[in-house]
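The values are calculated or read from the model by the stated rules, or taken from the named source; none is laboratory data. Nothing here was measured: the structure is a model prediction, and the numbers come from that model. Positions of Cβ are generated from backbone atoms using ideal geometry, with glycine treated the same way; all protein chains shown enter the neighbour counts. Ligands, DNA and RNA are stripped out before the accessible areas are found, and what is left, the full protein with its side chains, is counted by its heavy atoms. Shrake-Rupley method; radii C 1.70, N 1.55, O 1.52, S 1.80 Å.
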Amino acid sequence: MQRIFTLLKQRLFGQSRPSMSSEELRTDFTRRYAHFRNLLTANNNALQAMAELEKVYYGGGSYRMAFVRSKISTILINVYKMISDILAMSDGKYADLETTFEKISNELDKIVARKHDFVQGPLILTLDKVRRSDRDQAGEKMANLGEINALQGIVVPLGFVITASATRHFLTTEHIAEINRLLQVFDSEDLDDLYKTCEEMQKIVMDAPLPPDLEELLHAHFNRLETESHSASRVAMRSSALGEDTAGVSFAGLYSTFLNVEKHEIGDLYKKVIASKYGPRAIAYRRMRGYRHEDIEMCVGCLVMVDALVSGVIYSRDPGEQESEVMRINATAGIARGVVDGTTVTDLFLVGREKPFPVVFSEIRQSQDSGKEQLSGSASLTYSQIRKLAETALQLEIHFGQPQDVEWSYDHQGVLYILQSRPIAATPAGTKEKSRSMQKVAVPGESVEKPLLFGGISASGGIASGEVFLVDSDKDMREFPRGAVLVLRHPLPEWAPLLGRATAVIAENGTEAGHLATVAREFGIPALFSLPGAMSVLTSGQTITVNSSGRAIYQGRREELLRQNVAKRDIMAGSPVQRIVTEALQYITPLNLNDPTSSHFRSNWCETLHDITRFCHEKSVSEMFNYGKEHRFDKGTAKRLVGEVPLEWWVIDLADGFRQGLDSGSKMVRIEDIVSLPMQAIWRGISAFPWEGPPPISARGFGEIIFQSTMRPDLDPSVASNMATKNYFLISKNFCNLSVRLGYHYAMIEAYLSDLLTESYVTFRFKGGAADMRRKAVRARLLADILKRYDFRVELRSDALLARVKKQPVEYLEQRLEILGYLITHSRQLDMVMTQPHAVEQYREKFLKDIEEMLSLKESTIGESVHE
């Protein structure tokens, strides 16, 4: 019985510790405090890295796998540090955290390191045998074309595909390893470095010998094409990469195509197509769209050249307005190369989508580039040819289940050949433009200011502003600044690497059917093409606003136009890198341990890294709280703050936070006994102005309070709270952690002030209230707006506010702490009146006025803030 009683006593009251001398206790406390500080630093680092990872994931912008690996590594390292520190503070009490961490770490390693499982197959496939199911071997473009070849009534050129297996047979593991090394070390922001590195990688490919068996197969299949076509002495060699020509990810014009290839050239040009995977425009595009080098396998299609009379592109729905009931046809004499590379002016036909496919609009080319056939205003297509194109485009749309961008050619015998079909890269929802002539052009008199230029073709709709930068050479290209408006003569695919930097694109030539237009639509970048005089009227450094949807360019920054713009699409959507982050975040950011008082708030209930940080942080505070009780040591126990102080506050001195000579046995402390720099700053804000009491609320608002209190007794101020929910300062001379509940909202302020900027930070968390979620969110947004004015980095989700400032001088951070002290006091119960816009503005003005007055009273002045 005695043994059972002893075990029960230990379970209920904790195991008693051996007695320690005062010096041993101080040493032990100093050690524990050092772990506590380290844990808090690691916690901030881990949460910051989580926030940065979520920010890029939800932000819709581009991010690289290197960034993802870096942030996940940062999170793992700091969470492991937190586990080590809490184990040291608790004498190993929470050892199962290590097991949970190891499981999560192993899962994240698998996710980040996961690669596509490529299946080995034949080196060459004949196009008539290729289907969509063969895209891992033939690439998207040729798999689509092989599928089309099987459709009744549609003709594609004879051909064959040099497969992904052939590429892996050609480029050995040694070649790939050397290419990977170059990819890892180059600076993607430095265009000079990008071009230099690309040249080195492409040289590796071109210097690699073609395996004899592959070379023999190439020649054998070329000979077969000559026999079957009775005339094929030349072929077109076209890229067909895995992932190319999929929905929203076209890779348009980024890889090489070679026309009129003869038999003796096929080996060298095959290597050039493979090498184009490592070209500047391809690498820049892949990184912008979230594709890793290893996600892409290059295949090559070899197609018999069509003796083209007229060629072009048909969109089964208008790419600028996919809800419209018209198809768009761009056509030109001869082959379609000038159409897609943006160097040829084309005929335009808008055709109804219902039989008999009427031409609802047409614009006939009046002139051609020198050296090309002149049509003298006559249409390049007959109505019967237009009708056949429309029928074929709709057939392809139905087969593939979505609108299609189709490249085609009519030969001299009148046979229609389909050369390519891919999903349309559409303008983002809400950004609509019409054809070049059907659009309403902005004209003088309709705006306060006359446009600098108007007209042209809206290749990608939208509105943007920036400084002009003319690009007409490689030198110009490498000097192009981020955020500028790209102005060109021809919208060539070679300029594609700049789309990740440009805010808009203007070109004197080109059409909506070009490759650069396709990529601009994917990126959601406004593009206005076929605008004569742009290179001479606009000058580098000039600020303009481009309204591509309205086909107008204005001097200066036009805010009234920019407000009409729509948000850009998420260009990472569906990419391999985004899929990795989506899966990884499931192990990182969900927070399941919300309530420290719950029976489930235990180490073995942690499921994510966020859970572990939450648990470690909470238990580290408890370990510091409980230190004096466990050791019968008064130095770490709480003292009540007395004097002319509002509410009830308790202070726990972690180390050197009280003045020397203070009676350690006293249960009370005055504010003048506090030497903690951050606590003093917070207190100046709390006490700067007396709280005027709760705002007047309606009966409905009072009912909300009663309802919240009945649903959650822990919110009722009359209900006793445990130590973790009272208003407690944990302090040292340079550190303060304030956990506060004022009324129905919760707030936490944590700060460390040091002359070493890299260690200094202020963090503020705020959540809750008694009103409904909408009003609580309005209050949180009001606080966020005020904190932004004082250079806090703010993250806001509904009623949950997180604000940070770090790496700043001590005086600067003291002022920010004063602001936070003021706000936690004076924002009490404001959520109840946040349905009234005038009340929001009234409190905004009052808070800003009080804060400015409070800061101006400080004897010392702070210079300009030092931004990161």
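What relative contact order, as a whole-number percentage, does the stretch 129-218 give when Cα pairs under 8 Å and 6 or more residues apart are counted?
Value for the stretch 129-218: 21 percent.
Report Rg/Rh for the stretch 114-181, rounded to two decimals, where Rg is the Cα radius of gyration and Rh the Kirkwood radius. Numbers along the way, then the final one.
Working: Rg = 14.2 Å, Rh = 13.1 Å.
Computed over Cα atoms, the ratio is 1.09.
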Extending each Cα 7 Å along its Cβ direction at Glu325 and Glu216, get the distance between those two points in nm, one decimal.
-> 6.1 nm
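In nm, what is the difference between 0.36 nm times the number of residues separating Phe689 and Asp307 and their Cα-Cα distance?
Values: separation 382, 0.36 × 382 = 137.52 nm, distance 8.52 nm.
Here the segment from Phe689 to Asp307 would lengthen by 129.0 nm.
What FRET efficiency do you get for Ser70 and Arg131 if R0 is 45 Å and r is their Cβ-Cβ distance, rounded to the nearest 0.05? Could the numbers behind the result be given before it?
Working: r = 41 Å, r/R0 = 0.91.
Computed FRET efficiency for Ser70 and Arg131 comes out at 0.65.
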Stretched out fully, how many nm does the piece from Ser536 to Arg337 gain, at 0.36 nm a residue minus the Cα gap?
-> 68.9 nm
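I'd like the carbon and sulfur percentage of the solvent accessible area for the stretch 124-304, probe radius 1.4 Å, heavy atoms only, ligands and nucleic acids excluded.
In the stretch 124-304, the share of accessible area belonging to carbon and sulfur is 49 percent.
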Applying 1/(1 + (r/R0)^6) with R0 = 22 Å to the Cβ-Cβ distance of Gln564 and Glu479, what FRET efficiency is obtained, to the nearest 0.05?
-> 0.10
Points 7 angstrom from Cα along the Cβ direction at Arg640 and Ala573: gap in nanometres?
-> 5.9 nm
Could you list which residues have their amide H under 5 Å from that of Met327, counting only those 5 or more apart in sequence or on another chain, with H placed in the peptide plane?
-> Val351, Gly352, Arg353
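Give the calculated FRET efficiency between Glu178 and Lys103 to the nearest 0.05, with a Förster radius of 30 Å applied to their Cβ-Cβ distance.
Working: r = 36 Å, r/R0 = 1.20.
Efficiency computed from Cβ-Cβ geometry: 0.25.
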Report ³J(HN,Hα) in whole Hz for each residue of the stretch 788-802, in order, from the Karplus equation J = 6.51 cos²θ - 1.76 cosθ + 1.60 where θ = phi - 60°; Gly and Pro get x.
-> 4, 5, 10, 6, 6, 8, 10, 10, 10, 9, 6, 9, 9, 10, 10
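Report the relative contact order of the stretch 124-304, percent, no decimals, based on alpha-carbon pairs under 8 angstrom and at least 6 residues apart.
Details: 283 pairs, mean separation 55.4, N = 181.
In percent, rounded to a whole number, it is 31.
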Sorted list, accessible surface of protein heavy atoms, 1.4 Å probe, largest first, for Trp408, Trp650 is Trp650, Trp408
In nanometres, what is the gap between the two model label sites at Ser599 and Asp28, each 7 Å from Cα along Cα-to-Cβ?
-> 3.2 nm
Work out, step by step, the length gained on full extension between Glu199 and Glu672: first 0.36 nm times the residue separation, then minus their alpha carbon distance; give nm to one decimal.
-> 163.4 nm
Kirkwood calc, the stretch 102-242, C-alpha pairs only, radius in angstrom 17.9 Å
